[in-house]
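This is the structure I want to talk about, given as structure tokens.
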Amino acid sequence: MSLWDSIFGRRRAKLSGRPDPGGTISVSMAGGASSSGKVVTPDTAMQLSVAWSCVRLLSETIGTLPLALFERGAGDDRSVARDHALYEVLHDSPNADQTAAEFWEGMTACLCLAGNGYARKDKIGTRLVGLTPLKPDRVTVKRDADGRRIYRYSGDGQTEVMDEDDVFHLRGFGVGGDTGLSPISYARQSMGAAMAADEATAKVLGSGMQLSGFIDSGVPKLTKEQRAEISGVFERFMGSSNAGKLMVLEAGMKFQPVGMSPEDAQLLMTRAFHVEEICRWFRVPPFMIGHTEKSTSWGTGLEQQMIGFLTFSLRPYLTRIEQAIKKQLLLPTDRTRYYAEFNLEGLLRADSQGRAALYNTFAQNGIMDRDEIRSKENLPKRGGNAAALTVQSNMALLDDLSNLAAGGGAQQVRSALMNLLGIDQIIDDRVKTLTGHGGPSLDGSA
């Protein structure tokens, strides 16, 4: 079963009434033969641990980010548009078979592998009620005489032609064409070389780290029967299951090894290089998929690393999805009022100490009230004064000090003035003088 079949269903589609057991459609659409002789398709690429890890990291991270529809209010106010028909499709369940996490995970995987993600718009009248994913290797895109995109989907022995208003199309990195560029197709040389290195390593290990070679029998010419007998004897000592066995050569026979040892071939170093090479194609830092040979330059804190991953790896995908939703799923009259946005707060949560310091700063500067902070930590709201914004009074403006004093804030005014005039520092200097630590005397004499 191919990768697309496993994602979008188990029934194998047919073209012109014939099956495609060899995955030739996948090869032509998103892959091909490499110089190493390995055919790179989404199926074979995902057998590389680094490709699997990169695609899984991007897909699962984006799939598990909450995606909500928001409505703009007066000024900068906004609210979650739960009453809009599109909210449930985006946030809860795009279709009868998938949750929102499964749907967006699959669409992101299609972007990573094929460069395009497609879904049929399910409508009741003009109302969008669902999104059904389509296999990207079965879709072709063309333009009609009016310049509109026409999607031809071949599957289950039938061909369906759909207008651009009936298809939700996510396009990956490209040059402005009708479709995005396939990462697997352009990375086939790198991935083919990685496959060849994996195969070579497996063969070396499969032979029990034993070298191949020639047998010098010392006889000018062997008969056919003698050659067969010698080959049969040596077969009992070949392969990893026979490693460590001791073989006694006949008198005059010598073993002449050929080939390179794993150290000479540097297979482990080659495989490590391919990890970094393929990570570049997916723009994923190697340390995030378990390759920690080299330290990251994205900072040492978890928060800094997550910010770097979000900025350089996830943001292009998130922006494409958000803008595609606005352009293709919202009516022109709704685009100025509604918009979709991923909630990235979960990715930016620092450790407990760092988060507490951030909340403390927000509370002291009137950015968030206590109830908002409690909501962020999944704690119940307290109401009352906890819902009021507060600021530190010693940061008040000089023009407001008189108002503070009139309102019974004399102590606050005193603290603010002492900070402003440096009274605390003057007192500290005088105390040091009394205790013999230098500084001016209390009576002002030298």
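The values are calculated or read from the model by the stated rules, or taken from the named source; none is laboratory data. Remember, predicted model here, so these are calculated numbers, not experimental data. Heads up, the Cβs are rebuilt from the backbone with ideal geometry, glycines too, and the neighbour counts pull from every protein chain shown. Accessible surface areas use protein heavy atoms only, side chains included; no ligands, DNA or RNA. Shrake-Rupley method; radii C 1.70, N 1.55, O 1.52, S 1.80 Å.
Could you check the spin-label model distance between His91 and Leu331? Points 7 Å from the Cα along Cα→Cβ, value in nm.
2.1
Quick one: what do you get for the stretch 148-198 if you divide its Cα Rg by 2.2 N^0.38 Å?
1.62
Moving to a separate point now. Peptides 36-44, 167-175: what's the order by average Cβ count within 10 Å, highest mean first? Write out the running numbers ahead of the final one.
Working: 36-44: 21.1, 167-175: 17.7.
My ranking of the peptides, most packed first, is 36-44, 167-175.
Can you tell me the FRET efficiency between Val161 and Glu372 if r is taken as the Cβ-Cβ distance and R0 is 51 Å, rounded to the nearest 0.05?
0.50
Next question, about the same structure. Work out, step by step, the length gained on full extension between Glu60 and Thr126: first 0.36 nm times the residue separation, then minus their alpha carbon distance; give nm to one decimal. Show your work: numbers first, answer last.
On the way: separation 66, 0.36 × 66 = 23.76 nm, distance 3.18 nm.
Full extension from Glu60 to Thr126 adds 20.6 nm.
Sticking with this one: To the nearest 0.05, how large is the calculated FRET efficiency for Val80 and Thr270 if R₀ is 60 Å and r is the Cβ-Cβ distance?
Efficiency at R0 = 60 Å is approximately 0.75.
Ranking request for peptides 354-360, 73-79: highest mean number of other beta-carbon atoms within 10 Å first, then the rest in descending order.
354-360, 73-79
What pairs in Lys121/Lys142; Lys38/Lys203; Lys135/Lys203; Lys203/Lys224; Lys135/Lys327 have C-alpha atoms more than 26 Å from each other?
Violating the 26 Å Cα-Cα cut-off are Lys135/Lys203; Lys203/Lys224.
Can I ask one more? At what distance in nm do the modelled label points of Gln353 and Asp429 sit from each other, each positioned 7 Å from its Cα along Cα→Cβ?
So the label points at Gln353 and Asp429 sit 3.5 nm apart.
On a full-extension model of 0.36 nm per residue, what is the gain between Asn365 and Ser35, subtracting their alpha-carbon distance, rounded to one decimal in nm?
112.7 nm
Here's another thing I want to ask about it. So how do Met368, Met288 rank on accessible area, 1.4 Å probe, biggest first, that is with the largest at the start?
Met288, Met368
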